Amino acid sequence: MTQITKIRKSVATLANRINKKINDLSTSFHRAWQIVKGRLLISRVNGVTYGTRQRALRKLEKYSANMINVTLEREAGNTYDANAIRVLVNVKNGEKYHLGFIPKDLADLLAPIMDKGIQLAARFKGVTGGYEGRENRGALIAIEL
C-alpha cells in the first residue's frame, strides 16, 4: 500500500470514528487531519497497577527509552473493551512485558485503523511517578500514525 493511500485510509477511519461522537463530518475530517499531520500522539498506558506490571516498570526505569521497543497489539476478544489495544514492551536484552492498554477513548479511534491492517508504530517515552508521595509508576508512549 502506498504511503498516501495509508494516510488517506487512516484519516477517513479516524474521521468516521470522531463523527460518531460529535456528529459533524466536516469538523471530524478537520480533526482527523490534524491528528494525522501531527503524526505523533503521546499517551499514558492504562492498567499499569495490575499484576506484576509495577515491578516491570521499576525494571524498565533502568534502561534508556531508546533501548525499549513498543508493540501495539489488538485484543478484539477483550471482554471489557472490544477496541482494546495491548501495549507490549521488549527490552533489547530480551525481557518482555505486557504493560497495559491504550486508554479507551484513544483505542476507540485507533482500533478501526489497526483492524484494517495498518500497523501503528510506537515508542517508549518513559516511566512516570515512583517518587515520594507517589509510589505507583506509570508509562508514557508515543504513537506514530
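Any read-out appearing in this document is the output of simple, stated calculations on the displayed coordinates, not a laboratory observation. It should be emphasised that the depicted structure is a prediction, and the values quoted were computed from it without experimental measurement. FYI the Cβ positions are ideal-geometry reconstructions off the backbone, even for glycines, and counts take in every protein chain you see.
Kirkwood-type hydrodynamic radius, region 68-111: 10.9 Å, calculated from all non-identical alpha-carbon pairs. Inter-label distance, Q119 to R58: 3.4 nm, where each label sits 7 Å from its Cα along the C-beta direction.
With a cut-off of 13 Å between beta carbons, the residues surrounding G100 carry a summed charge of +2, where Lys and Arg count +1 and Asp and Glu -1. Write out the chymotrypsin sites (Phe, Trp or Tyr not before Pro) in region 53-145 meeting two conditions: DSSP loop, and at most 12 other Cβ atoms within 10 Å of their Cβ. Answer by residue number: Y80. Which translational diffusion coefficient, to the nearest whole µm²/s, is obtained for the chain from the Stokes-Einstein equation, given a Kirkwood hydrodynamic radius over C-alpha pairs, 20 °C and 1.002 mPa s? Value of D from the Cα-based Kirkwood radius: 133 µm²/s. Multiplying the residue separation of W33 and K104 by 0.36 nm and removing their Cα-Cα distance gives an extension gain of 23.5 nm. Given R0 = 41 Å, the distance between the Cβ atoms of T128 and T5 translates into a calculated FRET efficiency of 0.65.
For region 6-58, the square roots of the Cα gyration tensor eigenvalues, ordered a ≥ b ≥ c, give a/c of at least 1.5 with a/b greater than b/c, which places it in the prolate category. Listed values for region 140-145 are Karplus-derived 3J(HN,Hα) couplings in whole Hz (6.51 cos²θ - 1.76 cosθ + 1.60, θ = phi - 60°), namely 10, 10, 10, 9, 9, 9, and x replaces Gly and Pro. Set against the 2.2 N^0.38 Å expectation for a compact globular protein, region 85-145 has a Cα radius of gyration ratio of 1.29.
If you keep only loop residues by DSSP, which trypsin sites (Lys or Arg not before Pro) in region 36-124 have at most 13 other Cβ atoms within 10 Å of their Cβ? Could you put the intermediate results ahead of the total?
Working: sites: K37, R39, R44, R53, R55, R58, K59, K62, R74, R86, K92, K96, K104, K116, R123; in loops: R39, K62, K92, K116.
Those that pass, being in a loop and sparsely packed, are R39, K62, K92, K116.
For G129, the amide hydrogen comes within under 5 Å of the amide hydrogens of G138, counting only partners 5 or more places away or on other chains and with H modelled in the peptide plane.
Length gained on full extension, L40 to N93, computed as 0.36 nm times the residue gap minus the Cα-Cα distance: 16.4 nm.
Hand me the GluC sites (Glu not before Pro) from region 78-145 located in a DSSP loop with no more than 10 other Cβ atoms within 10 Å, in residue order please. Write out the running numbers ahead of the final one.
Details: sites: E95, E132, E135, E144; in loops: E95, E132.
Sites meeting the loop and neighbour criteria: E132.
Modelled this way, with points 7 Å down the Cα-to-C-beta line, the labels at L25 and A12 are 1.2 nm from one another.
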